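Q: One structure, as structure tokens, below. Some questions next.
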Amino acid sequence: MRLDSAAAAAGFRLSAHDSLASTNTEALARARAGENGPLWITARQQTAGRGRRGNEWVSTPGNLYATLLVSDPAAAEDAPQLSFVSGLAAYDAIIACAPDLRDGLALKWPNDILHRMQKLAGILIESKTIGGKLAVAIGIGVNCMHHPIATAYPATDIASAGTTVTAEDLFKALSGAMLRRLEEWQRGENFAAVRAAWLERTTGIGSDMRVRLPDREFSGRCEAIDEHGRLLLRLTDGGLQVIAAGDVFPVAAAERSAS
């Protein structure tokens, strides 16, 4: 693995591994040991990779598994915006390495990248307050060579889409793209520009969807993503639900009417 030259010049560092339990777990362990970052941690494979809500993230060699550790990147209330920042960076990196995928590529709220409505990449943001500082692990997994089959949301990979991209090349592009998107974000001061760029690349606005939370789920129509990055869902009874985080699945209009 190699960093983009601009990222290296800006002080980003890299710790590359053959195998780790989880790049996010390693990043937060480094933070507890005094590491402040910005530090990228990568692994050829993960033995205990995970996605949102503790879901398993299948992590065999060939795909990209990378986490960026940063300290106090913004006010704590603005840190969740990093899901949008990193989503754009991953989108940029994929397009840079596989421009043929552009027409089918889209961002899905809150933290996935789709190709032709199949999951190509996912992002997991985890944070801990350590020694008075907010340590944030931005985990990014991209399916380069293969993808899991039995998943709640259909998945795909770059090779299946007809393009060959190595994890090494994708990581180099990602490290540069992340630097640029973080600079654009300005520690939360310029989230409006990040949100606008994200909305230009998203799918699902105006569509029927099912949202799954830890304790319940419901269906409705996505009306917008508000200025804080929250999903605004119009429920079947006409009420408006404001959702800060959740698992989202598309549904047919007939399913929504029957719910």
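Q: Okay, which of segment 58-94 sit inside 19 Å, backbone N to the point 7 Å along the Cα-Cβ direction of Lys133?
A: Flagged as within label range: 67-80, 82.
Q: Let me ask something else. With θ taken as phi - 60° and the coefficients 6.51, -1.76 and 1.60, list the Karplus ³J(HN,Hα) couplings across segment 146-157 in order, rounded to whole Hz; mark glycine and proline as x.
A: 7, 8, x, 9, 8, 10, 5, 10, x, 10, 8, 9
Q: Taking 0.36 nm per intervening residue step and subtracting the Cα-Cα distance, what contour gain separates Asp78 from Glu168 on full extension?
A: Details: separation 90, 0.36 × 90 = 32.40 nm, distance 3.05 nm.
Fully extending the segment from Asp78 to Glu168 adds 29.3 nm.
Q: Distance in nm between label sites at Ala9 and Ser160, each 7 Å beyond Cα in the beta-carbon direction?
A: Label at Ala9, label at Ser160, 3.9 nm between them.
Q: What does the charge count near His17 come to, summing +1 for each Lys or Arg and -1 for each Asp or Glu among other residues with Cβ under 9 Å from its Cβ?
A: Details: positive: Arg44; negative: Asp18, Glu26.
Charge balance near His17 sits at -1.
Q: Given labels modelled 7 Å from the Cα in the Cβ direction, how far is it in nm from Arg116 to Thr60?
A: In this crude label model, Arg116 to Thr60 measures out at 2.2 nm.
Q: Ranked highest first by the average count of other Cβ atoms within 10 Å around their residues, in what order do 125-131, 139-145 fall? Mind dumping the intermediate values first?
A: On the way: 125-131: 15.0, 139-145: 24.7.
So the order, starting with the most tightly packed, is 139-145, 125-131.
Q: Right, something else. On the Cα set of the chain, report Rg and Dmax in Å, please.
A: Cα radius of gyration and Dmax of the chain are 17.7, 56 Å respectively.
Q: If I model a spin label at Thr203 and Leu240 as a point 7 Å from the Cα along the Cα→Cβ vector, what separation in nanometres do I get?
A: About 2.7 nm separates the two model spin labels.
Q: Continuing with the same structure: If you keep only loop residues by DSSP, which GluC sites (Glu not before Pro) in segment 167-259 have at most 15 other Cβ atoms within 10 Å of their Cβ? Let's see the in-between values first.
A: On the way: sites: Glu168, Glu183, Glu184, Glu189, Glu200, Glu217, Glu223, Glu227, Glu255; in loops: Glu189, Glu227.
Passing sites in segment 167-259 are Glu189, Glu227.
Q: Taking a label point 7 Å from the Cα of Thr151 along the Cα→Cβ vector, which residues of segment 187-221 have an amide N closer than 13 Å to it?
A: Answer for segment 187-221: none.
Q: Which trypsin sites (Lys or Arg not before Pro) from segment 156-259 combine a DSSP loop assignment with at most 12 other Cβ atoms within 10 Å?
A: Values: sites: Lys172, Arg180, Arg181, Arg187, Arg195, Arg201, Arg210, Arg212, Arg216, Arg221, Arg230, Arg234, Arg256; in loops: Arg187, Arg201, Arg216, Arg230.
Listed in order of number, the matching sites are Arg216.
Q: Please work out how much length the chain gains when fully extended from Phe249 to Ala21, using 0.36 nm per residue of separation minus the C-alpha to C-alpha distance, in nm with one decimal. Before the final figure, lay out the partial values.
A: Numbers: separation 228, 0.36 × 228 = 82.08 nm, distance 2.84 nm.
Stretched fully, the Phe249-Ala21 segment lengthens by 79.2 nm.
Q: Per-residue ellipticity at 222 nm for the chain, helices alone: DSSP H runs ≥ 4 residues times -39500 (n - 2.57), over residue total, nearest 500 deg cm²/dmol?
A: Numbers: 6 runs with 66 residues, N = 259.
About -7500 deg cm²/dmol.
Every number here is computed from the coordinates shown, using simple stated rules; none is lab data. Keep in mind that this is a model prediction, so the values were computed, not measured. Using ideal geometry, Cβ is built from the backbone for each residue, glycine included, and neighbour counts are taken over all protein chains shown.
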